[in-house]
Amino acid sequence: MDDFGKVVEINLSDEEIETSLPDVQVVKDFLGGRGFNAHYLLRHLSEGTDPLGPGNLIVFSPGLLTGSDVYSSSRLHVGSLSPLTGFIGSSNVGGYLGVHLKQNGIFSLILRGKADKPVYIWIDQGEVELRDARDIWGSETDEARKAIRGNTEEEVSVGAIGPGGENLASMACIMFDDGHAAGRTGMGAVMGSKRIKAIGATPGDSRIGKEIQGDDTLRKYLNEIQSHPDYEEWAQYDNSTSVKWVDELGASSVRNYRKVQSEEVEDADGRSFKDLPRTPSSCFRCPVHCKAQLELTRGPNEGEEVERPCFEPLVALGPKCGNSDSLESIRLHNKCNDLGLDSVEVGSLIAFAMDLYDREIISEEEAGGLNLDWGNAKAMNDLIANIANRDGWLGKTLSKGLKVAAEEIGRGAEEWTYHVKGLAMTAMDPRGFKGTALGYAIGNRGSDFTSIYARPEYSFPPELAEELFETEKAADRLAEEGKPKLVKRAAIVSAITDSLGICKVPMLSLVEDYDLSVTAELASRVLGEEIRPENLLAIGERIVTGERLFNVRMGLTRRDDELPKKFTSEPIEEGPVEGAVVDLKSMLVEFYSRMGWDSEGIPEEKKLKDLGLPELI
């Protein structure tokens, strides 16, 4: 395959649109999606760039296989300098916009500068134009998407920001189609800073790669997905039932990590709303259909149709905030989506605020009259709006993210702030998952699970762990042994999956292709040339290292690879893993060594030469 499409660069400041062809060698070295974004940002952004200034870039790149015949090849990667962390901003999203970009012959869409008025980007039959968005500036995300789609009979895919992005809340996301969020690192705020309300694209006619429908490799891949023991649960519930799973393992994040289990977890878990009428939805060519719309047939919002949250938002807006009512968690998640805020980050911010309120570090007056008692869903709802609109002292303070908010509040608030690199920790207490703990610490975008995807630590049998990671202990979630090699492999595999544009649910949660044998065979069929797993592993390591170099340029040091001290010094006090604590130092030293990074976490000259990056020494 040598027709990758075109790179479209828009300078919003002067409304110039330029097109070029991607460098073939760059595509071979970094693929598309996340890999291309990492390379482009590393080449074009310098130290001292203001994340919310016109000098920042935001890059939308479909994966190399996005839109191909491969099942679930739907993914689009968004990259920039993050206003939340100050390091690489990176978000992977499904839906259809990535597919439509590729079908319109677009390999990557790059936005720079700042428009002098609100605009949106319209793409149709390969043509790209800027359109006036003043009439929809200020609207919620769903309203904006509907306005841009208009009355067209075509299936237009739209990614839009809401008030959160327009008001530059640092955790603002971009909402695509119905319920797909490019979240976590503030990409919506970068869009807002450039006065871009949305991107809309019609389907196109370009074919991506060789046709492989009916191919034995593709049939085998589908069979592996559908024959997995967890397939039916993913198809029916997504991973919403993992709320109870992580609680039963004694490693949840109840009340801002004060506890690891909740007495009311049954009411917070995805099974608690299995009676609600469900309409499944799907990304491009997905056999799992893990997305769904729910009809609320009970509760205060009876009659509404809402998007079903997955595991992370249900925990963040549920047990993490002391809320055990799953219907309230659903409502709050959808409010975040409407306002264009990352619901995981917002749930963590509210849990932090409730923790401070309970400790009498902040008062009800400072909270703008909100009673922030644990689980108060009415106050949570109001605080979400305050964050999106930067309204009141607390709303404005929290809109800057956990790290900055704690620094501004002071009074010891930083002790109760659980983040790495400014990104909130997700649902799993790292003391109960040592691979996840290391992944939180070294993640290039911060303390996040999906960009590392260290799933093998609790899903692999011991013999497979021994084969891939040299010790069966790698499959023991409470052991540090084997985790550096596991996390290195997981980070590399995650980067490859994001760069090819394949969803991790079927590929990594169900097929569990951590040796990349299935991925390599599918890529070979689509691209028409042999690609071996070891080739992909080398590319993935190059991508992860490139992101690391970007972060080093932006000021990253080893101190940014630390977990909050609670998890390295305070053993869990109750439950199935009582006494567990993280020995991060030993894992970090070995991980750096395996990555070819020095003792400060900076890639060494030899490693850069080995990866074909000598010019970055």
Fill in the blank from the handout: Of the candidates LEU516, LEU510, LEU522, the one satisfying the condition of being aliphatic (A, V, I, L, M) and within 25 Å of VAL246 (Cα to Cα) is LEU510
Exercise for the section: Scan region 426-444 and report the pairs whose first residue is over 13 Å from VAL581 (Cα atoms) and whose second residue is among the acidic types (Asp, Glu) and in a helix (DSSP H, G or I), with Cβ atoms within less than 6 Å and a gap of 6+ or a chain change. Expected result: THR426/GLU312; ALA427/GLU312; ALA441/ASP561; ILE442/ASP561; ASN444/GLU547
Exercise for the section: Determine whether region 410-421 contains at least one residue that is part of a helix (DSSP H, G or I), assigned by TED's automatic domain parsing to the domain that holds ILE572 and not small (Gly, Ala, Ser). Expected result: no
Practice task
Exactly one condition in (1) touching a residue at least 24 places away in the same chain (Cβ under 8 Å); (2) within 30 Å of GLY98 (Cβ to Cβ) is not met by ASP561; state its number.
Solution key: (2)
Exercise for the section: Tell me, please, whether a residue that is farther than 17 Å from GLY35 by Cα and surrounded by 19 or more Cβ atoms within 10 Å (Cβ to Cβ) can be found in region 486-493. Expected result: yes
Completion exercise
Selection over region 195-214 where residues are touching a Ser or Thr at 6+ places or on another chain (Cβ under 6 Å) and either in the same structural domain as ALA133 (by TED's automatic domain parsing) or part of a strand (DSSP E or B) (or both) yields a count of 1
Handout entry: Which numbered condition GLY368 misses (of (1) free of Cβ contacts under 8 Å to residues at least 60 places away in the same chain; (2) in a helix (DSSP H, G or I))
Key = (2)
Completion exercise
Selection from region 29-54 of residues touching a residue at least 24 places away in the same chain (Cβ under 8 Å) and either basic (Lys, Arg) or not in a helix (DSSP H, G or I) (or both) yields LEU31, GLY32, ARG34, LEU45, SER46, GLU47, THR49, PRO51, LEU52, GLY53, PRO54
Practice task
Go through region 424-441 and count every residue that is among the aliphatic types (A, V, I, L, M) and farther than 18 Å from LEU314 by Cα.
Solution key: 3
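When you go through GLU534, GLU574 one by one, which is the residue that is part of a loop (DSSP other than H, G, I, E, B) and among the acidic types (Asp, Glu)?
Result: GLU574 is the single residue among GLU534, GLU574 that is part of a loop (DSSP other than H, G, I, E, B) and among the acidic types (Asp, Glu).
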Problem - Residue satisfying all of: in region 173-191; among the small types (Gly, Ala, Ser) and not in a strand (DSSP E or B); surrounded by the most Cβ atoms within 10 Å (Cβ to Cβ) among these - result: GLY188
Practice task
Hey, could you check region 561-593 for residues that are among the basic types (Lys, Arg) and loosely packed, with under 13 Cβ neighbours inside 10 Å and say which is nearest to PRO430 (Cα to Cα)?
Solution key: LYS565
Practice task
Exactly one condition in (1) over 18 Å from the mean Cα position of the chain (by Cα); (2) buried (at least 17 other Cβ atoms within 10 Å of the Cβ) is not met by GLU364; state its number.
Solution key: (2)
Handout entry: ALA388, sole failed condition from (1) touching a strand residue (DSSP E or B) at 6+ places or on another chain (Cβ under 8 Å); (2) at positive phi; (3) of a type in the set (Gly, Ala, Ser)
Key = (2)
Exercise for the section: Check whether at least one residue in region 102-113 is closer than 28 Å to ALA495 by Cα, assigned by TED's automatic domain parsing to the domain that holds SER72, surrounded by fewer than 23 Cβ atoms within 10 Å (Cβ to Cβ) and among the basic types (Lys, Arg), and report yes or no. Expected result: yes
Exercise for the section: Considering only region 1-57, state which residues are among the aliphatic types (A, V, I, L, M) and closer than 26 Å to PRO614 by Cα. Expected result: VAL7, LEU21, VAL24, VAL26, VAL27, LEU31, ALA38, LEU41, LEU42, LEU45, LEU57
Problem - So LEU76, is it surrounded by 19 or more Cβ atoms within 10 Å (Cβ to Cβ), outside the structural domain of ALA441 (by TED's automatic domain parsing) and not polar (S, T, N, Q) - result: yes
Practice task
Please give the number of the condition ASP429 fails out of (1) within 24 Å of the chain's Cα centre (by Cα); (2) modelled with pLDDT of 95 or more; (3) closer than 25 Å to PRO603 by Cα.
Solution key: (3)
Exercise for the section: State whether the residues of region 548-565 include one that is touching a His at 6+ places or on another chain (Cβ under 8 Å) and within 30 Å of LYS259 (Cβ to Cβ). Expected result: yes
Problem - Contacts under 6 angstrom Cβ, first residue in region 519-542 being among the acidic types (Asp, Glu), partner part of a helix (DSSP H, G or I), 6 or more apart - result: GLU521/THR217; GLU530/SER524; GLU541/ILE492
Practice task
Working only within region 503-516, note down all residues that are in a helix (DSSP H, G or I) and either of a type in the set (Lys, Arg) or under 22 Å from GLU211 (Cβ atoms) (or both).
Solution key: LYS504, PRO506, MET507
Problem - Restricting region 340-359 to residues that are over 21 Å from VAL260 (Cβ atoms) and not in a helix (DSSP H, G or I), the residue that is farthest from the chain's Cα centre (by Cα) - result: GLY340
Practice task
Could you check VAL346 against (1) surrounded by 18 or more Cβ atoms within 10 Å (Cβ to Cβ); (2) out of contact with any Cys (no Cβ under 6 Å at 6 or more places or on another chain); (3) of a type in the set (A, V, I, L, M, F, W, C) and say which number it fails?
Solution key: (2)
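The values are calculated or read from the model by the stated rules, or taken from the named source; none is laboratory data. Note that the structure is a prediction, hence the values are computed from the model and not measured. So basically every Cβ, Gly included, is an ideal-geometry build from the backbone, and we count neighbours across all protein chains shown.
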